[in-house]
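The values are calculated or read from the model by the stated rules, or taken from the named source; none is laboratory data. Note that this is a predicted model, so its numbers are computed, not measured. We place every Cβ from the backbone using ideal geometry, glycine too, and count neighbours over all the protein chains shown. Each accessible area value is taken on the protein alone, full model and side chains, heavy atoms only, with ligands, DNA and RNA left out. Shrake-Rupley method; radii C 1.70, N 1.55, O 1.52, S 1.80 Å.
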Amino acid sequence: MIGRALWAAGGIAALSLGAVGVVTPLLPTVPFLLLAAFCFARSSRRLHDWLIGHPVFGPPIRDWQRSGAISPRAKQLATLSIGVAFAISLGLGLKPWVLAVQAAVLAAVLVFIWRRPDA
């Protein structure tokens, strides 16, 4: 019982962050939605089915579950967000080694995103 409640709480937290990500360009949406679906699958069939069937949140989850696909629009928004995040780091004048590490990680993320099939 406590385990299911913890999974449900994790799902609600992830869904909340994903919902914020819909309107906040620097916060990713889909990874949080995938995490929410994962948590809800372990806590509540009703919540999981609601999330998968949701008209806004459901399609990217179904695309990922079906074929590991990411929509071209999501890829574009992710690329834009990554660019903005790096530009902010540059603007803050972070140390060059921090920028180098950040650039390497963000480049790896972009390679992963753009190599996924289109939804």
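At a glance:
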item	result
Residues that are hydrophobic (A, V, I, L, M, F, W, C) and under 17 Å from TRP50 (Cβ atoms), drawn from segment 1-34	TRP7, ALA8, ALA9, ILE12, ALA13, ALA14, LEU15, ALA19, VAL22, PHE32, LEU33, LEU34
Residue in segment 34-56 that is β-branched (Val, Ile, Thr), farther than 21 Å from LEU106 by Cβ and in contact (Cβ under 8 Å) with a residue 24 or more places away in the chain present	yes
Members of segment 86-116 that are surrounded by 12 or more Cβ atoms within 10 Å (Cβ to Cβ) and among the charged types (D, E, K, R)	ARG116
Selected residue (criterion: least open to solvent (accessible area, probe 1.4 Å)) from residues of segment 20-50 that are aliphatic (A, V, I, L, M) and closer than 17 Å to ARG73 by Cα	LEU33
Residue tally, condition open to solvent by 50 Å² or more (accessible area, probe 1.4 Å) and either more than 23 Å from ALA13 (Cα to Cα) or among the small types (Gly, Ala, Ser) (or both), over segment 51-78	6
Of all residues making up segment 1-15, the number that are outside any helix (DSSP H, G or I) and within 12 Å of PHE38 (Cα to Cα)	0
Test: TRP114 is over 22 Å from PRO59 (Cβ atoms), among the aromatic types (Phe, Trp, Tyr) and assigned to a helix (DSSP H, G or I)	no
Residue, nearest to ILE82 (Cα to Cα), within segment 25-58, restricted to residues that are under 12 Å from the mean Cα position of the chain (by Cα) and not in a helix (DSSP H, G or I)	LEU26
First in segment 1-29 and closer than 30 Å to LEU106 by Cβ and modelled with pLDDT of 90 or more, second anywhere and in a helix (DSSP H, G or I) and open to solvent by 40 Å² or more (accessible area, probe 1.4 Å), Cβ under 6 Å, 6 or more apart	ALA14/PHE32; ALA14/LEU35; LEU17/PHE32
